[in-house]
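Chemist: Below is one structure. I have some questions about it.
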Amino acid sequence: MTLAELIAQARTALDTAIATRQREQDALMALRSDENLTEEAVQAQIAARDAADVEVTRRQSALEGLEAEQRREDELAALQARNTPAANRAPAYDQVARVGQEERTYRPDQDRRGRQFERDVARAFLGNYDAQQRLARHMAEELVERGPQIEERAAGTGAFSGLVVPQYLTDLYAPAAAARRPFADACRPHDLPPEGMTVNLSRITTPSSVDVQASENTAVAEQDMDDTLMTINVQTAAGQQTLSRQAIERGSGVEPVVLDDLFRRYATNLDGKLLNQATNGLTNVATAVAYTDSTPTVAEMYPKVLESLSGVEAALLDMASGENIAVMHSRRWYWMQNALSSTWPLISQPGIAAQMAGTNAATTYGSGVRGTLPNGTPVIVDNNIATNYGAGTNEDEVYLVDRNECHLWEDPNAPMYIRAEQPKLASLGVLMVVYGYFAYTHARYAQARKIGGTGLVTPTFTGV
């Protein structure tokens, strides 16, 4: 096995170790939000996470050792090439590029415009190992065919302005930022049925009855049950973009960039509808809990969180899953973190010290739970939450819900992509469409709560 193959294996092993470590960390964070948490379970999960950390370090050291060995081998090969006369060189069989017997790395008949070469130059600059290998093979082939011209002349790139590739680093393009779908990813997922444009649920609105029998042989309590049909519409989220054929055929990576942006807009739009859509969005079905304060503080707002959670549980009773979440804008999350106080809760929570105002999971936006409130409620940060509520159009809202009662049906293949050339053929255009079907409800039970009011105006970071 060659060094290059060993390095490739080491990279794969390191990636696997990193993924394992992340899973263990996610499991630890999920465990800490469990109200039935035990210290033994936490310590066991911490040990598993630490063991995964050790494995990452070991794999990283092994990869660095192999890469250092490869660099030394390359240095020695270059030194030998400079010091050994050309006539006396006897390279190994697998170190020679045989033009005519082996296919060229970059073949004009397969890539007439040289796009693969251009992409590999950019990727090699960014450290892509496979691209570096392909360019190295190409250079070896050029040395075989045009060795004297390459080795014996010292002309710089300025002498070949028509041949040196100007690099626009397409791998480093800056996509338009998007809020994506943090709340949608926290909802209870379901596969959308393959047919139909509505999802129908039965809700028991009149329950049966049980009471103490008045006396022997008398009628027992009876009440006829009744249900109400809940109809949820299937919606279509879609966006399109028309590209000129010139942009696709003569540009570098234009089509993937456009698709990436369409997928980002799709995710953002779907999540925004779950939060803000008229009638059925979370802001319109949640029961309001007012927080009115001209000088708001985190310590004063936090009781509203507990009031809201109390309302969630009172609405669900035995249907409560216990998987409550708080959903807030990032500006509100950072405002809560900025608070400093000497007032501590009287009832502490598992895994959270009494003097803390919660914990921060130190995760990035859109990657799941961002932290935990003092009572153990996980926080989802979502910047699709509007910030223009209230008379001053400068308020946001904080939502408290049982995540298992926020239902989202999606097509397993969504979003889907259509690339149509025929409709725009006369103008040399290519139509790109991204679309998907979804349905949702937060109203199977009237459980959702939202904190809003003048206490949630644009925050000031004053440490209170």
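Throughout, read-outs are computed from the coordinates displayed, never taken from laboratory work. Keep in mind that what you see is a predicted model, and the values were worked out from it rather than measured. Because the Cβ atoms are built from the backbone with ideal geometry, glycine has one as well, and the counts that use them run over all protein chains shown.
Chemist: Cα to Cα, under 24 Å, and not fewer than 8 places away if on the same chain: which lysines meet these conditions relative to K450?
Modeler: Counting by Cα, and skipping residues close in sequence, K450 has these lysines nearby: K273, K304.
Chemist: Between A247 and S208, what's the calculated FRET efficiency when r is the beta-carbon distance and R0 is 51 Å? Round to 0.05.
Modeler: The value I calculate is 0.20.
Chemist: Pulled fully out, how much extra length does the chain show between T198 and T393, if you take 0.36 nm times their separation in residues and subtract their Cα-Cα distance?
Modeler: Gain on extension, T198 to T393, equals 66.7 nm.
Chemist: Tell me, how many Å apart are the Cα centres for the stretch 390-441 and for the stretch 182-250?
Modeler: The stretch 390-441 and the stretch 182-250 have Cα centres separated by 19 Å.
Chemist: For the stretch 181-464, report the % of Cα-Cα distances exceeding 31 Å.
Modeler: 42
Chemist: Using the beta-carbon distance between Y173 and Q240 and R0 = 30 Å, what value does 1/(1 + (r/R0)^6) give for FRET efficiency, to the nearest 0.05?
Modeler: 0.90
Chemist: Under 13 Å from the Cβ of G390, count the other residues' Cβ atoms, weight Lys and Arg +1, Asp and Glu -1, and hand me the total.
Modeler: Around G390, the surrounding residues sum to -3.
Chemist: From Cα coordinates alone, what are the radius of gyration and Dmax values for the stretch 368-461 in angstrom?
Modeler: Expressed in Å, the Cα Rg and Dmax of the stretch 368-461 come to 20.3, 63.
Chemist: For T287, which sequence-distant residues (separation of 5 or more, or a different chain) have an amide H within less than 5 Å of its own amide H, given hydrogens modelled in the peptide plane?
Modeler: Result for T287 returns A448, R449, K450.
Chemist: Multiplying the sequence separation of A386 and A62 by 0.36 nm and subtracting their Cα-Cα distance, what value in nm do you get?
Modeler: 111.8 nm is the gain from fully extending A386 to A62.
Chemist: A further question follows. Hey, if you drop one equal point scatterer on each alpha-carbon of the stretch 200-259 and run the Debye formula without solvent, what base-10 log of I(q)/I(0) do you get at q = 0.14 Å⁻¹?
Modeler: -0.68
Chemist: What FRET efficiency do you get for T287 and I18 if R0 is 41 Å and r is their Cβ-Cβ distance, rounded to the nearest 0.05?
Modeler: So the FRET efficiency works out to roughly 0.45.
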